[in-house]
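Below: the structure, in structure tokens.
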């Protein structure tokens, strides 16, 4: 049989209170007065902190609760409740009960507990309470039963407030043990916030702010109570709070359906006569019930806060005409078609068309290209929708070493077909079957082009860019598959549009027969091998990759006629082939020498060769000052250290398989103007090549879909929202962007708190 414990306070005369309540209740009925139910007037949230239960109350305006009417019960024999820690409250002159202590608005309770024996996993807390309305109506006593999941036995972690008076480093508590934020829904359009904190600490009112992280809801202005004026040594006169602070914010919603809303709560506090903590940003999830009012987002007032390019594109997808979004994203896809991530599709398609033989017409080339593009667009769109909806990192998944090796082998096999090792066509059995179905002897090649396009979309994909992030964000955050998917499909078609021109032109310009056709097919064979090396470069060391390039380039020179013997009868084309072949072979030898000396850049093959001891100095001068981090804890420590030194922070998400990441390092980060703009900045780099659980936690913290993504933090360690960089950006544009992103923190550096 379980044992009930009871913790109560001194109460007024019970018989008299019951009589008074009955009198007031009868009077209300006589007047046909229907007050709101108690659950709509008195709100609370209970949290287990390991050593105590904390109850956050929010009482509607015009109502109050009696301090001495609170009682707390638990039925679990292993839990022993301590003396409740209740706030002071205010004196209320009650007509029937005399002078009483009551609570209004927001207040906070703490009930310590201890565990005897085995710790239960949960408990059932009964809260007895009673409240009234200023109109004169008093509710009957209420009993609230709240099931609570316990954190586990943590009596050893019990906090002794009496030991917090010193200022030594041993007394410095983690910020999450000092300031405890909470949030809960009052109704479908209003949220209550509370920040509870220990005695001898305070919060800056100006540092408290809220922001909705959803595209379906926006937070209004935070309503906070008046604080106390404190003269700060660094910031001058500041309004601060020395006791728990509560605020309320209205939520404008685009749809009335119930939802789980993520709210970002920012705050900063200090210890009296002690340290000041860095600004804190917490994401709280609030379950909003069905709303009574919605709002047309385009008509809402906007702030002067910066908006990133991907955020603007998200707005276009969700708010503008779907045809406007489709047209715009087709043009954006057309721009992506000329990036290093999409250009490798050209030799793949060219190899397919060249494999057709010597009688390919323009129409045939266009049809093959269209089949290839549709395969790419359909699979790319489907994979993008699935990735965004399920929160997957497909870009990392399809860059796993075994997948890259498999497809590099496939391109090598295709290259052998270009060199005449076999006929690049489907088996005759399959061709005959397809022929009987469609009457088209080459339908097998059409299907092959479609399949190659589908595979290319997964392996040789578009780089991470604002347009891609915008479509994935719409799908992930709003669930609007139609708009997000349509924009993604239009972008895919834009990426493939130049390939249609390649197919039509190749069908017209390719030689019809003779030795030229063999030379062209050989050229496409080398392109296929180059594509295989490019894919393997994502997982191979730089010197090994350059050695493979050296072999490929040297053999290309041999095929061009570099070793051919010229005679007096040799024609001009043979002489040109011999000359260019020799030059190509020489370049291949230079690449080989560079790789043997540890070089990795085919464009600068001799940069690694030590001539007179200057190589190491040149390499050190161009070395980027990145500090690698792995986890969220690593990041927080680095940001805290940078803030203590009054430095800003750049966080770069990088992966070995990310082409644009390598471009950023090679051409942008190495630029003198960029490095000058980041002279007071700590460079952090998160290598998410492995895409393991630790990487995914870090990516999800900032809502990053993939690299390259760059995030900035000011000298106080606060993220500069709206200044995120997604995808490759040229050096001059990036330097200007950096100065804008960090200008606010530079202007406030004199106010940094130590």
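If the segment from residue 242 to residue 116 were pulled out straight at 0.36 nm per residue, it would be longer than the present Cα-Cα gap by 41.8 nm.
Computed FRET efficiency, Cβ-Cβ of residue 228 and residue 672, R0 45 Å: what is it to the nearest 0.05? Intermediate results must be reported in sequence, preceding the final value.
Details: r = 50 Å, r/R0 = 1.11.
The value I calculate is 0.35.
Taking a point 7 Å from the Cα of residue 75 along the Cα-to-Cβ direction, the residues of the range 126-141 with backbone N closer than 11 Å to it are 126. If you take the square roots of the eigenvalues of the alpha-carbon gyration tensor of the range 643-726 and sort them as a ≥ b ≥ c, do you get rounded (a/c under 1.5), prolate (a/b over b/c) or oblate? Oblate, because a/c is 1.5 or more while a/b does not exceed b/c. Between residue 402 and residue 331, the contour length at 0.36 nm per residue exceeds the Cα-Cα span by 22.1 nm.
Going by how many other Cβ atoms sit within 10 Å of their own, how do 568, 175 line up, fewest first? It would help to have the intermediate numbers written out before the result.
Details: 568 4, 175 16.
Ranked by crowding around the Cβ, least crowded first: 568, 175.
Note on 44, 202, 241, 380: ascending count of other Cβ atoms within 10 Å places them as 44, 202, 241, 380, the fewest first.
Using 0.36 nm per residue, how much length does the chain from residue 563 to residue 282 gain when fully extended, once their Cα-Cα distance is taken away?
Working: separation 281, 0.36 × 281 = 101.16 nm, distance 6.80 nm.
Value of the extension gain: 94.4 nm.
Report the calculated FRET efficiency for residue 574 and residue 656 (r = Cβ-Cβ distance, R0 = 30 Å), to the nearest 0.05.
Values: r = 43 Å, r/R0 = 1.43.
After rounding to 0.05, the efficiency reads 0.10.
Exposure proxy shown here: for 538, 363, the number of other Cβ atoms within 10 Å sets the order, fewest to most, as 363, 538.
Every number here is computed from the coordinates shown, using simple stated rules; none is lab data. Owing to the predicted nature of the structure, the values given are computational and were not obtained by experimental measurement. Virtual Cβ from ideal backbone geometry, glycine too; neighbours counted across all protein chains shown.
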